[in-house]
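Below is one structure, written out as structure tokens, with a few remarks after it.
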Amino acid sequence: MTKPGPQQFNADARDLIALGYAQELFRTMGGFSNFAISFSIISILTGAVTLYEHGLSMGGPAEMAFGWPLVSLFTLAVALSMAELASSLPTSGTMYHWASRLGGKGWGWFTAWFNIAGQLSALAAIDYGCALFVTPLLGLPTTAKWLFAVYAAILLSHALINHFGIRLVAWLNDFSVTVHVVGVLAIVGALLLFAPKQPVGFFFARITSNSEGWPYWWAFVVGLLQAQWTFTGYDASASVSEETVDPRRRVPWGIVMAVVVSSVVGYLLLIALTLAIKDIPAVLNARDVGGNDIPAVIAILVGALGERVGSLFSGLAAMAMWFCGLSAVTWSSRTIYAFARDNGLPASALWRRVSARYRTPSAAVWLSVLVAIVATLSGGAYAVVTSISVIGLYFSYIIPVYLAWRARGTAAEPARGPWHLGRYGWAINLVAVLWVIFITVILSIPDNMRAGKTMVGLTLLLGVWYLVRERHRFRGPGWASGHIDVPARATSVASGG
């Protein structure tokens with residue numbers, strides 16, 4: 001593939017102007033880097049690993065055997081639907097802009113807030129999960145004090161790198177793909193070749209260890225959180241549309257391929273980890289010498305491969321989690337920047353600032369990290385935080401997908417981009433909507449409905465705020481507020497690059 005020249009960059013800039021925005025961010029990402037940021041945030045060595053204990057306690061080995069491919073398939077329907085919209089409207093505002101274009105500023109405003117809430121919860125969960133692995137590997141006790149100190153240090157490192165340059169972030173994201181793929185293959189290879197293994201039938205065993213006494217079918221459904229939490233964040237490819245060359249083509253492929261590759265590689269990891277379990281209760285109740293909890297995956301690796309090799313591979317997983325958190329800061333800060341650019345946030349003039357030297361949304365970067373710290377201080381159980389993240393993110397994913405499905409065949413249907421679903425789009429959209437409704441209900445119920453109550457409270461708060469103030473103040477995206485009209489068919493871009 002030839003390297004994109006000035007003609008492509010100019011075409012991308014004109015395309016963005018046609019959508020109502022000037023080119024402010026540094027457009028340097030290629031197709032692989034765009035894929036890499038979503039792949040890094042999905043991060044099978046983060047989601048599948050940090051919530052492995054949750055899945056194992058709910059549905060046992062069969063949770064991995066059947067739950068993962070089930071969630072992968074339906075998540076792909078959501079990703080395909082979002083990819084089509086990303087090709088049509090390639091801006092950093094992503095779902096917020098799509099919902100505004102298809103349903104009006106009110107739909108866009110709520111979508112933006114659900115997305116931001118989900119992203120910041122995800123960032124907190126990702127980096128706290130990383131701290132859960134890093135702290136014992138450093139020989140520190142896994143007490144609340146030490147976990148928070150390590151967590152804060154991880155967040156600080158991510159903020160500094162995101163502040164000082166998109167080139168470095170893009171390079172690290174590219175390297176993150178290598179860490180994830182090579183890391184998974186190394187772990188899988190070591191476990192399958194050198195560790196004592198259960199018979200293959202163990203992978204399909206229906207064993208539940210949930211303390212609530214739920215029947216197996218219900219515990220299995222609740223355990224789907226493990227896979228669904230992993231498959232979040234692939235909208236990050238769309239969030240960096242304004243930093244990607246030829247985004248109408250490269251962003252959709254980045255979204256879809258991140259889900260597909262993660263599905264396959266993640267399943268291999270789950271097979272190897274599950275077959276290496278010697279005793280399920282021992283893994284679920286693993287403790288260090290101080291009596292503090294040890295993550296189930298660390299217990300599996302150390303038990304199967306020995307202290308030294310097991311700790312080495314646990315460190316590899318922690319490195320992947322660190323890369324995941326780095327990408328999450330990039331992802332959330334771009335969404336905050338895009339919403340603040342349209343005066344959607346309090347103090348928007350501050351949060352939309354772009355560093356004149358580094359051309360990064362530096363204020364939004366530091367806001368993301370600050371909120372993640374506060375969220376952790378006031379948050380609850382890890383499974384509750386991840387449930388809130390999944391629900392918030394999938395609300396923001398499915399609102400524009402539903403609006404696109406509703407608009408198909410009408411004058412409100414947006415012009416297709418060069419990447420689209422053709423005649424099957426309406427069916428894929430409908431499957432995506434139904435799946436999100438199902439998974440939202442399921443994740444809202446456990447833990448005394450803490451995640452569900454939190455999301456209901458957030459929705460009511462946003463509703464009152466919008467009706468009292470934002471309905472009159474907020475004007476929506478630039479093109480929606482009368483500054484510029486959305487063309488019937490957006491300016492085409494050159495295909496070379």
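Details
- Close contacts from the range 265-293, counting a first residue that is without any contact (Cβ under 8 Å) to a residue 60 or more places away in the chain and a second that is open to solvent by 50 Å² or more (accessible area, probe 1.4 Å), with Cβ to Cβ under 7 Å and a gap of 6+ residues or different chains, come to Arg287/Asp293.
- Restricting Thr244, Thr208 to those that are among the hydroxyl-bearing types (Ser, Thr, Tyr), in contact (Cβ under 8 Å) with a residue 60 or more places away in the chain and within 25 Å of Leu56 (Cα to Cα) reduces the list to Thr208.
- When each of Val441, Val436 is tested for being among the aliphatic types (A, V, I, L, M), within 30 Å of Trp218 (Cβ to Cβ) and either at pLDDT 95 or above or buried (at least 17 other Cβ atoms within 10 Å of the Cβ) (or both), the lone residue that passes is Val436.
- If the condition is being part of a loop (DSSP other than H, G, I, E, B) and closer than 16 Å to Leu123 by Cβ, then the range 333-381 contributes Pro361, Gly379.
- Matching residues, the range 403-438, being assigned to a helix (DSSP H, G or I), in contact with a Phe, Trp or Tyr (Cβ under 8 Å, 6 or more places away or on another chain), within 22 Å of Arg248 (Cα to Cα) and not small (Gly, Ala, Ser): Leu403, Trp405, Trp426, Asn429
- Flag if Thr386 is β-branched (Val, Ile, Thr), in contact with a helix residue (DSSP H, G or I) (Cβ under 9 Å, 6 or more places away or on another chain), in contact (Cβ under 8 Å) with a residue 40 or more places away in the chain and surrounded by 23 or more Cβ atoms within 10 Å (Cβ to Cβ): yes
- From the options Thr135, Thr208, Thr178, residue that is part of a helix (DSSP H, G or I), open to solvent by 40 Å² or more (accessible area, probe 1.4 Å) and polar (S, T, N, Q): Thr178
- Qualifying residue in the range 100-108 (condition: under 16 Å from Tyr337 (Cα atoms) and in a helix (DSSP H, G or I)): yes
- Matching entry among Ser362, Ser378 (being hydroxyl-bearing (Ser, Thr, Tyr) and modelled with pLDDT of 90 or more): Ser362
- Answer residue from the range 245-275, given it is over 16 Å from Val177 (Cβ atoms) and hydroxyl-bearing (Ser, Thr, Tyr) and is most open to solvent (accessible area, probe 1.4 Å) among those: Tyr267
- Taken residue by residue, the range 29-45 has at least one member that is over 24 Å from Ala318 (Cβ atoms) and either assigned to a loop (DSSP other than H, G, I, E, B) or at pLDDT 90 or above (or both).
- Leading residue by the ranking (most open to solvent (accessible area, probe 1.4 Å)) among those in the range 276-293 that are part of a helix (DSSP H, G or I) and touching an Asp or Glu at 6+ places or on another chain (Cβ under 9 Å): Leu284
- Of all the listed residues (Ala340, Ala349), the sole one being surrounded by 22 or more Cβ atoms within 10 Å (Cβ to Cβ), among the aliphatic types (A, V, I, L, M) and more than 26 Å from Val181 (Cβ to Cβ) is Ala340.
- Test: residue in the range 188-196 that is within 18 Å of Ala299 (Cβ to Cβ), of a type in the set (Gly, Ala, Ser) and either assigned to a loop (DSSP other than H, G, I, E, B) or in contact with a strand residue (DSSP E or B) (Cβ under 6 Å, 6 or more places away or on another chain) (or both): yes
- Test: residue in the range 113-132 that is touching a Pro at 6+ places or on another chain (Cβ under 8 Å) and either open to solvent by 10 Å² or more (accessible area, probe 1.4 Å) or part of a helix (DSSP H, G or I) (or both): yes
- Counting the residues of the range 389-420 that are closer than 28 Å to Ala328 by Cα and either open to solvent by less than 40 Å² (accessible area, probe 1.4 Å) or of a type in the set (Lys, Arg) (or both) gives 16.
The values are calculated or read from the model by the stated rules, or taken from the named source; none is laboratory data. Predicted, not measured: the structure shown is a model, and the values here were computed from it. Because the Cβ atoms are built from the backbone with ideal geometry, glycine has one as well, and the counts that use them run over all protein chains shown. Just the protein is used for accessible areas: all its heavy atoms, side chains included, with ligands, DNA and RNA removed. Shrake-Rupley method; radii C 1.70, N 1.55, O 1.52, S 1.80 Å.
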